[in-house]
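To keep things clear, I will list the structure first and then write my remarks on it.
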2 protein chains.
Amino acid sequence: MATLTAAQRRQRDRQAYDAFLAACPARKVLDRISDKWVTLVLAALGDGPKRYSDLSRIIAGASQKMLTQTLRSLERDGLVGRTVTTAVPVRVDYELTELGHSLHAVVRQLKDWAESHIEEIEQARAAYDA
Amino acid sequence: MATLTAAQRRQRDRQAYDAFLAACPARKVLDRISDKWVTLVLAALGDGPKRYSDLSRIIAGASQKMLTQTLRSLERDGLVGRTVTTAVPVRVDYELTELGHSLHAVVRQLKDWAESHIEEIEQARAAYDA
DNA sequence: CTGAATCCCTAGCGATACTG
DNA sequence: CAGTATCGCTAGGGATTCAG
């Protein structure tokens, strides 16, 4: 094997690293929840099914594009269910699946951690900035 | 109050939404963990202190810039501690603080969830794509 | 060894307009 | 009502270079 330049080595490491990530389950979930819209939709659906328009209203900051995109990916992953009621104005309902609920439970723990430690973080920031 | 155009209404909603987010502890933690490098560093430090060069090797895919940037933000938030040993080549050690460990514990739950449900997600994806 | 500063490019997202 | 399609911007992050 020939000697590699630093750049080539970095490139190779990055390949190996990416491969490792692809095989790592934790990474896959991270991909899911690291999307802020995913978490927000999950939270919004946490207390029951919602219509598309409901979600759009609750998560006011999400563009149509992001909302639809997020719902599609969650549906694909089996985290939310989608029900279309063919009527004169079409009606679409979304709800967490069993799998979705179980993830929601974990995310809620994260939320709980946040609520109980956010003050410490802010203190640390203030101290650091000073 | 004058009548608003649709664009103006969206803008206003977005403002209100952002304000709500800023006050929401869950959003702040989401900001932290939604950064993939944060989670990886957290994981890497989960089993003991590491030198800068160790982290750089373990998280091979991270550029110097991202690694340093991530470590700084974690330090600022009081999640990791930084120890500089003034020597001829400078040596810097990083370790999780108590606060960092408690967040790590929660993130680990997420990881556990992933490992036990990733198969279902993949099945759902396969089914959806078909 | 550890880190700061710069350049630069792509992917993600918002805004808008159109369809069933 | 519930999307889809397209355009354009900007912010994240990689590569490179300089410094303590």
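The values are calculated or read from the model by the stated rules, or taken from the named source; none is laboratory data. Since we're looking at a predicted model, the values are computed, not measured. Cβ atoms come from the backbone with ideal geometry, glycine included; neighbour counts cover every protein chain shown. These accessible areas exclude ligands, DNA and RNA; they are computed on the full protein's heavy atoms, side chains included. Shrake-Rupley method; radii C 1.70, N 1.55, O 1.52, S 1.80 Å.
Before moving on, here are some points about what is shown:
- Cα long-axis angle, helix A:36-45 against chain A (0 to 90 degrees, to the nearest 10): 30 degrees
- Computed over neighbours whose Cβ is under 13 Å from that of residue B:39, the net charge equals +4, Lys and Arg +1, Asp and Glu -1.
- Accessible area of segment A:81-130 belonging to carbon and sulfur atoms, whole % at 1.4 Å probe: 51 percent
- Counting Lys and Arg as +1 and Asp and Glu as -1 over every other residue whose Cβ lies under 10 Å from the Cβ of residue A:76, the net charge comes to -1.
- Cα gyration tensor, segment B:9-130 - rounded (a/c under 1.5), prolate or oblate: oblate
- With N the number of residues in the protein assembly as shown, Rg(Cα) / (2.2 N^0.38 Å) evaluates to 1.17.
- Pairs from A:28/B:111; A:28/A:50; A:36/B:65; A:28/B:65; B:28/B:65 whose Cα-Cα separation, in the structure shown, is over 19 Å: A:28/A:50; A:36/B:65; A:28/B:65; B:28/B:65
- Accessible area of residue B:83 in the full protein assembly, 1.4 Å probe (Å², nearest 10): 70 Å²
- Segment residue A:66-residue A:126, length gained on full extension (0.36 nm per residue, minus Cα span): 18.2 nm
- Note on residue B:106: accessible area is roughly 20 Å² with a 1.4 Å probe, heavy atoms of protein only.
- Angle between chain A longest axis and helix A:64-76 axis [Cα atoms, degrees, rounded to 10]: 80 degrees
- The 1.4 Å probe gives accessible areas that order A:53, B:73, largest first, as A:53, B:73.
- Note on A:122-128: average number of Cβ atoms from other chains within 10 Å of each residue's Cβ is 4.
- Cut-off 11 Å between beta-carbons: net charge of the residues surrounding residue B:21, Lys and Arg +1, Asp and Glu -1: +2
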